[in-house]
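Coordinate-derived values only; no laboratory data. The model shown is predicted, which means the values in this text are computed figures rather than measured ones. As a convention, Cβ positions derive from the backbone with ideal geometry for all residues, glycine included, and neighbour counts pool all protein chains shown.
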Amino acid sequence: MPLSEHEQRMLEQLEQALVADDPKFASNMEGTPRGGPTRLRWIIGVVGVLVGLGLVLVGIQTTLWVGVGGFAVMVAAVAFALTPPRRGGKLAVVREDGTKGPASSGRRQKSGSGFMDKLDHRWDRRGQDG
């Protein structure tokens with residue numbers, strides 16, 4: 001049953017509010033297009049399981065190690081099919097204003113009262129005291 005125009009507008013407003021409030025969560029909740037990387041992963045997983053099953057059956061007739069290798073292929077194929085694909089190779093940081101930027105490789109410049117800042121401060125003091 002399709003949504004009415006009013007319901008579609010409300011849904012769009014909710015989506016925009018979600019993106020504005022928590023952009024990282026909103027980007028994680030975006031679906032993948034049909035026929036995208038997840039479908040390919042499933043196909044490769046099924047083919048891998050079938051190849052592994054074939055190796056297990058050949059291993060029954062020949063040697064144990066072929067069967068063990070087939071089982072390992074099946075486990076690897078299932079693990080490959082069930083793990084989500086990676087989204088890009090670069091790390092990004094979501095800033096307080098909701099924008100994304102590159103992750104810094106060094107220590108943070110801003111001195112705050114966060115947990116990691118307190119640990120860093122204690123570590124620095126430990127080096128000075130001893």
Expected output is a single nm value to one decimal: the length gained when fully extending between Glu96 and Asn28, i.e. 0.36 nm times separation in residues minus the C-alpha distance. What is it? 22.7 nm
Estimated FRET transfer efficiency (Val66, Ile43; beta-carbon r; R0 25 Å; 0.05): 0.50
